[in-house]
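Down below is the structure, laid out as structure tokens.
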Amino acid sequence: MFNASWMNACKEWTPCWDHQPMANNAMKLQSPLLLPLLLCATSAVAQPFATLDARSMAMGDTGVASAQPGTAALFNPALLSYNSDGETIHIILPNLGVSVFADPDALDAYNEIEDEAYIDNIDIAIQGMENPDNQADFIRNKEQFTNNSRSLSSNLNELSEQPFRINAAGFASVAIPTKALGLAVFANVNATIETTPIVTDCDTELLNDYVDFFESVQTEAELYIAASTNPTAGCNDTPIAVQSGASVIITDPSDDLTSEVIVAGVTISELGIAIAHDFRLFGKDVSLGITPKLQTITSYYATPSVQQLDDDNYDLADELEDSENDDSDVNLDIGLATSFLSDSLTVGLTIKNIIANQYETSVSPRTGRAVTFDVDTQARLGVAWDAPAGLTFAADLDLTKNKPFFLGEDTQFLGVGVEWDVASMIRLRGGLRSNLADADDQAITAGLGFNIIAVYFDLGAQFSENNAGGALQVGVQF
């Protein structure tokens, strides 16, 4: 069953407008139009080559040439037979990681809405226009209303079509590295959830028409007179204000909002076995590894409207659960590894998901639409140098530009990292990761590892302007 507790907050916001007679605080703004879409926007990273392995994360997301045998099935199966003496067994139970992404411009817009208190200012201005002390007070409150409303509308449009994502992963394996035949059995689950607010042009027009209307009136009496002309707003000619006896009723514009939220998720579960063998090629030791695996791809898709999110009877979690769609496929990873400089320099190449597949979500009952997404082939090159003094330097480069499942930027990572093994007890790590496809996506990484006899613990973290993540791994080596 889909666990959607993270979405419960989506249903907690109140209607954006409260239409009552003017004497009873008509058109009182209780919450930002469409801002609740962002308060419940939790989502995930696109489909990068990112394992969320704790050691890799700490070292700039490297691992194709530097991964330990326990995680070789994630990065490069060839490492299971490369430079292995066959005297150890590696067990990972488990590796858990999470990463959160938000577009910098969207974050700026959201922070400006929060910092400038547009919503509170609009609410205060409406109350001031309803009960002004004098004409100057009415004008001051009217200008406060229109200025804050325009700024709010502008920032909401900055948020439109900007995805918020969360990516979570879990991994467990048992690996027996040997030159003759390295083996690993593993299970891997990677889940991506993305929430994207879509503010329509009609809603922008609707809000702007409301602002234009209030800019056209200069006094409370003019507001009453203007209401007699039956002013309308937006694509659907929503009535703005109507006279009701000696008062004015402001029509709730949220009834005609057409904006929506796209909520989509993909979980890829893998069960597989990695096999590697070391052989001689042109006088050099070369390791070849393959990873046949069974993949289960589960997708979720919903497109609730603003009205649905405001309806107490609507349950987004139920709609996502009903939209669950499962597909199964067999796929294959392949990897190579060799060494130079007296085996101190390792070069690795890996290709994941040799068979590229396209899938389709279930159909949204509201829009009648489904969306397709791809699980594409990915290729990455890695280099690692085992330097003196317990230092290991690593670098990885994506050879493919990896597209997101749904909306968002492509990723093509270049990562560099270093590890310092202090007395075979504590390992300090750091690195940098750059997205060559998006200049705004640059991350600093750090972490550490330590062991207690045969049990080891690894912690990793990454930080950037638009991304944050962390990972923990517990393993046994004997």
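Close Lys pairs in the chain (alpha-carbon distance under 24 Å; sequence gap of 8 or more, or different chains): 10. A Cβ-based charge dipole, computed about the Cα centre of the chain with Lys and Arg at +1 and Asp and Glu at -1, lands at about 2560 debye.
Each of Arg427, Arg433, Arg280 has some number of other Cβ atoms within 10 Å of its Cβ, and from fewest to most they run Arg280, Arg427, Arg433. Close amide H pairs (under 5 Å, H built 1.01 Å from N) link Val248 with Met22, Ala23, residues at least 5 positions away or on another chain.
Working value for segment 354-478: equivalent-ellipsoid semi-axes of 35, 18, 15 Å, each the square root of 5 times a Cα gyration tensor eigenvalue, largest first.
Average projected area of the Cα convex hull of segment 65-186, in nm²? Result: a mean projected hull area of 11.2 nm². Taking amide H as placed 1.01 Å from N in the peptide plane, Leu399 has its amide H under 5 Å from the amide H of Ala379, Arg380, Leu381, each at least 5 places away in sequence or on another chain. Spin-label pair Ala370-Val330: with each label point 7 Å from Cα along the Cα-Cβ axis, the two points sit 2.5 nm from one another. Note on Ile354/Cys202: beta-carbon distance plugged into 1/(1 + (r/R0)^6) with R0 of 51 Å gives a FRET efficiency of 0.65. One quarter of the convex hull surface built on the alpha carbon atoms of the chain amounts to 25.3 nm², the projected area averaged over directions. Each residue of segment 440-445 is assigned a 3J(HN,Hα), and the resulting list reads 7, 9, 10, 10, 9, 10 Hz, derived from the Karplus form 6.51 cos²θ - 1.76 cosθ + 1.60 (θ = phi - 60°), x at Gly and Pro.
Each of Met59, Met129 has some number of other Cβ atoms within 10 Å of its Cβ, and from fewest to most they run Met129, Met59. Once the Cα atoms are used to define both axes, helix 135-159 deviates from the longest principal axis of the chain by about 30 degrees. The residue among Asn325, Ala302, Tyr314 whose Cα reaches farthest toward the positive pole of the charge dipole of segment 293-334, with charges on the beta-carbon of Lys, Arg, Asp and Glu, is Asn325. Each residue of segment 215-229 is assigned a 3J(HN,Hα), and the resulting list reads 6, 7, 9, 10, 9, 5, 5, 5, 4, 5, 5, 4, 5, 6, 8 Hz, derived from the Karplus form 6.51 cos²θ - 1.76 cosθ + 1.60 (θ = phi - 60°), x at Gly and Pro. Label positions at Val476 and Tyr224, each projected 7 Å from the Cα along the C-beta direction, are separated by 8.3 nm. Label-to-label distance, Leu381 versus Leu428, with points set 7 angstrom from Cα along the beta-carbon direction: 3.2 nm. Segment 109-160 and segment 325-361 have their alpha-carbon centroids 54 Å apart. For segment 363-377, 3J(HN,Hα) computed residue by residue from phi via the Karplus equation (6.51, -1.76, 1.60; θ = phi - 60°) reads 7, 5, x, 7, 9, x, 10, 10, 10, 9, 8, 10, 10, 8, 6 Hz, glycine and proline entered as x. Dividing the alpha-carbon radius of gyration of segment 268-410 by the rule-of-thumb value 2.2 N^0.38 Å gives 1.50. Ordered by the number of other Cβ atoms lying within 10 Å of each residue's own Cβ, fewest first, Ser424, Ser287 fall into the sequence Ser424, Ser287.
Computed from the coordinates by the stated procedures, all read-outs in this text should not be read as laboratory data. Just so you know, these numbers come straight off a predicted model, no measurement behind them. All Cβ positions, even for glycine, are placed from backbone atoms using ideal geometry, and neighbour counts span all protein chains on display.
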